[in-house]
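Accompanying notes for the structure given below.
The values are calculated or read from the model by the stated rules, or taken from the named source; none is laboratory data. Everything numeric in this text was worked out from a predicted model, so none of it was measured. Here the Cβ positions follow ideal geometry from the backbone for every residue, glycine too, while neighbour counts run over all protein chains shown. Ligands, DNA and RNA are stripped out before the accessible areas are found, and what is left, the full protein with its side chains, is counted by its heavy atoms. Shrake-Rupley method; radii C 1.70, N 1.55, O 1.52, S 1.80 Å.
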Amino acid sequence: GSLIEQLTTEKYECMVCCEVVRIVAPVWSCQNCYHVFHLNCIKKWARSPASQAEDGNSGWRCPACQNASTQVPKTYTCFCGKVHNPEWNRNEIPHSCGELCGKKRQCLDCPHLCNILCHPGPCPSCPAFVTKTCECGQTSHSVRCGQSTKIQCSNVCGNTLNCGKHSCTQVCHAGKCSPCQLTVQQVCYCGSNFKEVLCGTKEEFSDGFGNFSCQNICGKKLNCGRHNCTQVCHPQPCPLCPRLPQVVYRCPCGQTPLSKLLELGCVERKICTDPIPSCGKTCGKPLSCGSYEFIHTCESLCHEGDCRPCSHTSNIYCRCGFKKKVIFLFLIAAITFMCDKRCNKKRSCGRHKCNEVCCVDTEHKCSLVCGRKLNCGLHRCEEPCHRGSCQTCWQTSFDELTCYCGESVIYPPVPCGTQPPECKKTCTRPHDCDHPVYHSCHSEEKCPPCTYLTQKWCMGKHEVNLHLEFFIISCHLFPPLFQLRSNIPCHLTDISCGLRCNQMLKCGMHKCKRICHKGECLIDEEIAAISIATKLTDLQLGDSVEISRLITKKEMKQARLQCDEECLALQRNRRLAEALEIDDNSDPFNIRSSGPKYSDLLKEDAR
């Protein structure tokens, strides 16, 4: 209806040229989307490269629905396609022939043709009524022709299932019935095992002996009644007893007929349990250890039962070829000889050794996890151990990353390990002092030290104006004036003026000779230095000086030398002398007679 109204009032536009479609202009209508185009416009569009389908073989695409067509329209026809170059009639729909449409409707199961006048757009649904049966076929209903919905009644389906034995128990439904869900019990061919399967499967059918093979030894009694079947569970009847007299015609090795042995005096066999006569020759049956080139045969005399293992030996090498071993040939296929040598080659990562026993690997791939820290510094590499640098951390954050003050922002996603953005605003963190802040906002928790210039005392509080002090002392006036030290950065606490301390010691006789220092003056050090200085003359004359009284116990501990091999030798000799009850004055080891000996360390310290 919309198409008819727009075409009649000339308000419909062609999508190719964007011009109004006149009632007398030749047109073409897409049979998929029913858009109407100028015939000349659609010809130009079909020949242009932009209209070609993606695969290049399906023709050209409709400008509206992109449906591919193989033939380019050449003639102007009515909407139903029966009349070429239809003439315009004021009483009819533009571009129509005015006759019945007659096109097949879109419904696949509708046998009726469209019965309205030639028209644009899709044909309306069929107005006829037909009788249809439900999905299970038990009931029928009168419905509109072409109705796509399926008719379902409320009865049980009742159709026969795939097994052919049971019926469908579902309510009337669309499509095929589901396979039978009942289970049946099956027995194997030998009758020793059972299993349950769905009814109607291929495994459910029996051949009269059973349903399946359990892959175990059959074990049924043979026709002789004395021996059991040695075949794997099988569907056919068990074979005859292989030891029956009417079955066995030769000796166990097969070289001599039993008739010939009977002529030589052997006892004739009556039942299957009677022994089979031996011909006395070498068995000669091929053994399993042989090959096509060298066939090993049984060396025992003609015998019943299996042959003995092969007595031949062979040299075999381990997997890596480092060691060899002599074994029986019949054991070659049953064992894998491996030496105990561990591989010392580097793995593919270049970090770890292979360390595999009897290694035959050529690539030596490392199976360990890398585990090294990634560039973010938070996570570790979870890839197999490898050479070179690890990949960048793949984890990301979807939270905004801001500086401390919040002025600068990095919006998500933020790769793991990204540093906070640089901010040029002044730092807003709390500081220990109240001086002006000159550094920018930073991500480190600790701020840079305050460099604001202040006035502070030195550690000894004896910073003075040197010119004023010289004048005062020269004139013998009052003691010198002290003043604060200027231009000292705020973060500096212990300041030394570089002058001598000159504070009176506790003894009241001497002044501290140390450079301006922190804390109390140490009187013991001063006295020890003066005492040592007075003893220097004795040292120059060759005398010894006991310094233990001049230094503190703490300094004695700090200055104690570590015992070396020479000390251990002296202690060992001393213990040996005590054990042998040797007098120290006897000098049994010629220690004093050989003169004093000094270690190299002591000589170096003396220098």
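Distance between the modelled labels on residue 144 and residue 581, one decimal in nanometres: 13.5 nm (7 Å Cα→Cβ projection).
Solvent-accessible area per residue in the stretch 1-124 equals 60 Å², computed with a 1.4 angstrom probe and all protein chains kept. When peptides 453-460, 413-420 are sorted by average Cβ neighbour count within 10 Å, with the highest value leading, the order is 453-460, 413-420.
Taking a straight line from the alpha carbon of residue 446, these lysines sit under 30 Å away, with near neighbours fewer than eight places off in the same chain left out: 373, 424, 425, 456, 518. Just to verify a number: FRET efficiency for residue 264 and residue 294, C-beta to C-beta distance, R0 = 41 Å, to 0.05? After rounding, the FRET efficiency stands at 0.75.
The portion of the accessible surface of the stretch 1-136 made up by carbon and sulfur, rounded to a whole percent, is 52 (1.4 Å probe; DNA, RNA and ligands excluded).
Between residue 383 and residue 231, the simple spin-label model (points 7 angstrom out along Cα→Cβ) gives 6.0 nm. Relative to the current alpha-carbon distance between residue 183 and residue 5, full extension at 0.36 nm per residue lengthens the span by 57.5 nm.
Can you compute the FRET efficiency between residue 198 and residue 65 using 1/(1 + (r/R0)^6), with r the Cβ-Cβ distance and R0 = 60 Å? Round to the nearest 0.05. E between residue 198 and residue 65, to the nearest 0.05, is 0.80. So, R0 is 35 Å and r is the distance between the beta-carbons of residue 396 and residue 431; what FRET efficiency does that work out to, to 0.05? Result of the calculation: an efficiency of 0.50. For residue 341, the lysines whose Cα falls under 20 Å of its own Cα, not counting residues fewer than eight places away in the same chain, are 323, 324, 325, 353, 365.
Residue separation of residue 365 and residue 514 scaled by 0.36 nm, minus their Cα-Cα distance, works out to 46.9 nm of gained length.
Think of a 1.4 Å ball rolled over the protein heavy atoms: the stretch 136-199 then has 63 Å² of accessible area per residue. Sorted largest first, the spans of the alpha carbon positions of the stretch 1-157 along the three principal axes are 60, 45, 24 Å.
Protein-only accessible surface at a 1.4 angstrom probe places the residues 369, 187 in the order 369, 187, largest first. Altogether, the Stokes-Einstein calculation at 10 °C and 1.306 mPa s, with the Kirkwood radius of the stretch 296-437 over Cα pairs as Rh, returns a diffusion coefficient of 71 µm²/s. Measuring nothing but how far apart in sequence close Cα pairs (under 8 Å, 6+ apart) lie, relative to its length, the stretch 1-124 scores a relative contact order of 20 percent. Peptide packing: for 237-247, 26-36, the average count of neighbouring Cβ atoms within 10 Å per residue gives the ranking 26-36, 237-247, highest mean first.
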